[in-house]
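Trainee: One structure, pasted below without further comment.
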Amino acid sequence: MSGAVLRDACAKGDIFNLERIIEGAQDFSLMRSPIYTGVQSDGWVRRKALLDVVNDRDKYGFGSIHMCVKHAQPEALLRLMKVPGININLPGMGDYSAAVMACTGDSLKCLEILLEGGADPNQIDAYGWTLLHHCASEQSLNCMQFLLLRRDVHVDEVNSKGYTPCQLACIKNSPEMIALLVGAGADPNKKNHLTFETCYDIVADGTTRGAIAAGLLRNQSRLQVLAVEDEERLMLQRSQRSQEQARAALVEEMLKANRPQGGGEGEQEAEGKHAVELEEACGLEGGGSRTLILPQQPQQPQQPQQPQ
């Protein structure tokens with residue numbers, strides 16, 4: 001098998017041959033097989049390790065994963081991502097990873113597959129550019145919207161020239177992107193450490209200034225929603241902790257009330273079994289709520305009354 005054959009199958013979206021290569025299917029009869037699946041050695045076809053083929057790059061630095069994104073072949077990319085040990089962040093030409101290529105080409109489906117497969121949404125290339133920098137520079141609105149839906153994306157990273165993604169959007173005079181970035185938490189007052197410019201210094205007209213104002217309002221609403229969600233999460237955690245403490249206290253109380261009487265070696269064993277039974281009754285092991293059934297004391301038979 002060769003990396004060039006796999007890259008060609010990925011570029012064409014040829015799932016049939018892609019499957020054959022990944023599963024190691026070859027034609028041992030002749031080197032002139034339909035997909036040229038190997039290199040000849042002593043009259044035989046010698047196989048290569050699958051990861052060596054998948055991560056193999058051409059003279060421009062592109063691997064199979066880059067070809068899937070470059071030619072917008074999400075189905076081929078999805079199949080390729082199932083190969084164990086594939087390098088998702090494999091750098092290509094210009095130190096561009098597959099995720100960077102998806103952002104520059106606004107290939108939303110490929111970007112979704114890559115991030116779900118473990119690609120770093122905050123990856124930085126050799127020039128200090130993040131995925132958001134590439135989206136802003138190439139006007140990739142769909143990919144930017146998708147990235148900003150994540151809470152773990154850093155919106156104010158600075159590249160080697162001192163620009164944030166929002167400042168690049170201002171240079172491109174893109175009001176919609178400016179509103180998106182500022183609405184996601186980008187600081188329009190942040191200065192470029194080389195030129196000392198802010199977004200307000202870069203914007204071209206009143207429309208882009210209005211986009212900054214709209215973004216600030218959107219960010220204020222976003223922060224309020226996040227504050228409510230965080231408060232609800234804390235309340236749920238406190239409630240769960242209180243329930244666990246209440247169940248533990250109830251078990252301890254019942255252990256004291258129903259501790260087996262007597263001494264000897266069997267006392268600790270009997271007490272341990274009794275504790276396990278009480279914990280199961282209170283639902284401590286399974287974590288769910290169960291109906292607690294209290295042990296009943298045997299009733300004493302009533303004595304017949306003496307006749308007067």
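Throughout, read-outs are computed from the coordinates displayed, never taken from laboratory work. Everything numeric in this text was worked out from a predicted model, so none of it was measured. For neighbour counting, all protein chains shown are included, and Cβ atoms are generated from backbone atoms with ideal geometry for every residue, glycine included.
Trainee: Please report the spacing between the Cα centers of the range 81-158 and the range 199-237 in Å, no decimals.
Mentor: Using only Cα atoms, the two centres lie 23 Å from each other.
Trainee: Report the FRET efficiency, 1/(1 + (r/R0)^6), for T207 and K161, where r is their Cβ-Cβ distance and R0 is 30 Å, rounded to 0.05. Provide the component values of the computation, followed by the final result.
Mentor: Working: r = 25 Å, r/R0 = 0.83.
After rounding to 0.05, the efficiency reads 0.75.
Trainee: What's the FRET efficiency of Q123 with K12 using the Cβ-Cβ distance as r and R₀ = 22 Å, to the nearest 0.05?
Mentor: Numbers: r = 28 Å, r/R0 = 1.25.
For Q123 and K12, the calculated efficiency is 0.20.
Trainee: For every other residue with a beta carbon closer than 13 angstrom to the beta carbon of Y60, add +1 if it is Lys or Arg and -1 if Asp or Glu, then tell me the sum. Intermediate values should be presented prior to the final figure.
Mentor: Numbers: positive: R7, R57, K59, K70; negative: D56, D58, D95.
Neighbourhood net charge equals +1.
Trainee: Also: So if R0 is 35 Å, what FRET efficiency would Q139 and K82 give, r being the distance between their Cβ atoms, rounded to the nearest 0.05?
Mentor: On the way: r = 32 Å, r/R0 = 0.92.
Here the calculated transfer efficiency is 0.60.
Trainee: Using label points projected 7 Å from each Cα along Cα→Cβ, tell me how many nm separate E176 and F196, to one decimal.
Mentor: 3.6
Trainee: Shape verdict for the range 121-253, please, from the Cα gyration tensor: rounded (a/c under 1.5), prolate (a/b greater than b/c) or oblate. The partial results should precede the final answer.
Mentor: Numbers: a/c = 3.24, a/b = 2.39, b/c = 1.35.
Cα axes put the range 121-253 in the prolate bin.
Trainee: Filter the cross-link list K59/K161; K70/K109; K12/K109; K70/K172; K161/K190; K82/K109 down to pairs whose alpha-carbon distance in this structure exceeds 20 Å.
Mentor: Numbers: K59/K161 29 Å; K70/K109 12 Å; K12/K109 17 Å; K70/K172 23 Å; K161/K190 14 Å; K82/K109 16 Å.
Exceeds cut-off: K59/K161; K70/K172.
Trainee: Could you check the simple spin-label distance between Y60 and A249, using points 7 Å along Cα→Cβ, in nm with one decimal?
Mentor: Calculated label separation equals 6.9 nm.
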